[in-house]
1. Give me the pairs: first residue in region 126-140 and within 10 Å of A58 (Cβ to Cβ), second residue of a type in the set (F, W, Y) and surrounded by fewer than 24 Cβ atoms within 10 Å (Cβ to Cβ), beta-carbon distance under 8 Å, and six or more apart or on different chains, which are they?
2. Could you figure out which of (1) over 13 Å from L195 (Cα atoms); (2) buried (at least 23 other Cβ atoms within 10 Å of the Cβ); (3) in contact with a Pro (Cβ under 9 Å, 6 or more places away or on another chain); (4) not acidic (D, E) isn't true of L430?
3. Quick one: is A474 modelled with pLDDT under 95 and touching a strand residue (DSSP E or B) at 6+ places or on another chain (Cβ under 9 Å)?
4. Give region 440-453 a look and list any residue that's surrounded by fewer than 24 Cβ atoms within 10 Å (Cβ to Cβ) and outside any loop (DSSP other than H, G, I, E, B), or say none.
5. Hey, could you check region 10-47 for residues that are closer than 14 Å to L90 by Cβ and of a type in the set (D, E, K, R) and say which is surrounded by the most Cβ atoms within 10 Å (Cβ to Cβ)?
6. What helices (runs of 4 or more DSSP H) lie completely within region 338-439 and have 2 or more residues being closer than 29 Å to V111 by Cβ, without any contact (Cβ under 8 Å) to a residue 24 or more places away in the chain and not acidic (D, E)?
7. Restricting the search to region 141-199, which residues are in a loop (DSSP other than H, G, I, E, B), closer than 14 Å to S227 by Cβ and either at pLDDT below 95 or in contact with a Cys (Cβ under 7 Å, 6 or more places away or on another chain) (or both)?
8. Identify, by number, the condition in (1) surrounded by 23 or more Cβ atoms within 10 Å (Cβ to Cβ); (2) under 15 Å from the mean Cα position of the chain (by Cα); (3) farther than 24 Å from D43 by Cα that S189 doesn't meet.
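The values are calculated or read from the model by the stated rules, or taken from the named source; none is laboratory data. Fair warning: this is a prediction, and the values are worked out from it, not measured in the lab. Because the Cβ atoms are built from the backbone with ideal geometry, glycine has one as well, and the counts that use them run over all protein chains shown.
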Amino acid sequence: MFDHQSIARCDRVAVVDELAGLSATDAVAALGRAEVSPLELIDVAEARIGEVEPLVNALPTTCFDRARDRARRIIETPPEDLPPWHLRGLPIAVKDLVAVSGVRTTLGSRVHRDEIPAASDVMVDTLEASGALVVAKSNVPEFGAGSHTFNDVFGATRNPWDTGRSAGGSSGGAAAALATGEVWLADGSDLGGSLRNPASFCGVVGLRPRPGRVARGPVPDPWDTLSVRGPMGRTVADAALMLDAMAGAHPADPLSLPRPDEPFHAAAVRPTPPRRVGFTANLAGITPVDPEVAAICRQAVDRMGGRGVDVEEASIDLTGAARIFHVLRAVLFATEHEEALAHRDVVKPEVVWNVEAGLSLTGTEIADARLQRRRLVDRAGDFFDEYDLLACPAAILAPFPIEWRWPAEVAGHRFETYIDWLLACSAISLTSCPALSVPCGLTAGELPVGLQLVAPPGEEHKLISAAAWWEADAGLADLVPRDPAEA
């Protein structure tokens, strides 16, 4: 067992690297066999965080003492009293948009930089009841706005594959922490791709479940179905393991669903190829895609075809998705962040724009967007009458330079706003279908690319099983964790 007081420095480094490199699935199994203790894994996380944080800035706030107090309670609980989805004292990170009691929670904003909530979010309570130990808060863009993690409180999170590039966002801190082995699991949230895009950029797995799968609260609009919470892991099985620990109904969330009878992790350990997959590099023309990224994703699905899967060029009809998403996202920002207008001198301009856009909408515009979304959901249902999965890029370009606020142009197409380049994910968000990003290849510059897989509504088990099958065939899961590197 790891004892940072008695093990020689060289041995300690080896033990930290070994334990930090375990998958979450293997780490929980080792905890269950008492081969390692929760307190020892906290020590490992603390050592690894101390080693790599100066290079990536993924976990700017830590809470090790709080985690150790909770670890002792888990150690004192008889193993037979633990439910099957229990994480048995596994250290995790929680996104800095989500309240953790007694821990600084800034939302990445100077407006909230000194806030320490007295109570945790429902999701955190659920995870901690399931044996997770929160050891750190992961970095986010201000209010989670945009898929590049930088803010005026903590600065930018750097991509472990090339520290001169973005880790994506808004769950960029979570993705970078997983890719470097600082923690074994991390939560994320996803409105327009905030689980999937950083997973693609950092070579890990981000899973957006259906609305209600993970209870949350309190939130300003508990009826919102665009923004969801979900798991991130280094493998599909790890993400499924965390989804089991997160899932379940809660009275504070009117959309929340009961925990399913079959664990999600069971689907990951029974990998099954899909029968028929529709592939589109550009979602039937609604978004540009960098040619190299498109080619890597196409090679991935061609590999599926070579393994007996029926792969066809096909897409959900996502006509009007850009306008629908603009309107409904603006409504959500006006609902959740109107306070930002009183602090426009310190809040980033993209947030101010999004809130003002929401406040300027008419009832007719909002009603039309909701109607058009309903029709889009119907067309998604038609697609899944024919296909098991949709496959497409999770991000339309490889990680971009960290100095950019957002990509202004891709493949010769210029974007008007900071959210337009995310349509490959945000259009899928409108369908309420579960989706994930799984690594599918590397660019010529050795940067990761994620393949987005989308399943019918409520079919997370099918999605996880197919993704685990693809992951095993692709053989890319062993590329993380990694030490941060410059290009």
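1. N139/F154
2. The one condition L430 does not meet is (3).
3. In short, yes.
4. G441, L442
5. By that ranking, first place goes to D43.
6. Because the criterion is at least 2 residues that are closer than 29 Å to V111 by Cβ, without any contact (Cβ under 8 Å) to a residue 24 or more places away in the chain and not acidic (D, E), the helices (runs of 4 or more DSSP H) in region 338-439 that meet it are 349-359.
7. G192, G193
8. Only one criterion is unmet by S189, namely (1).
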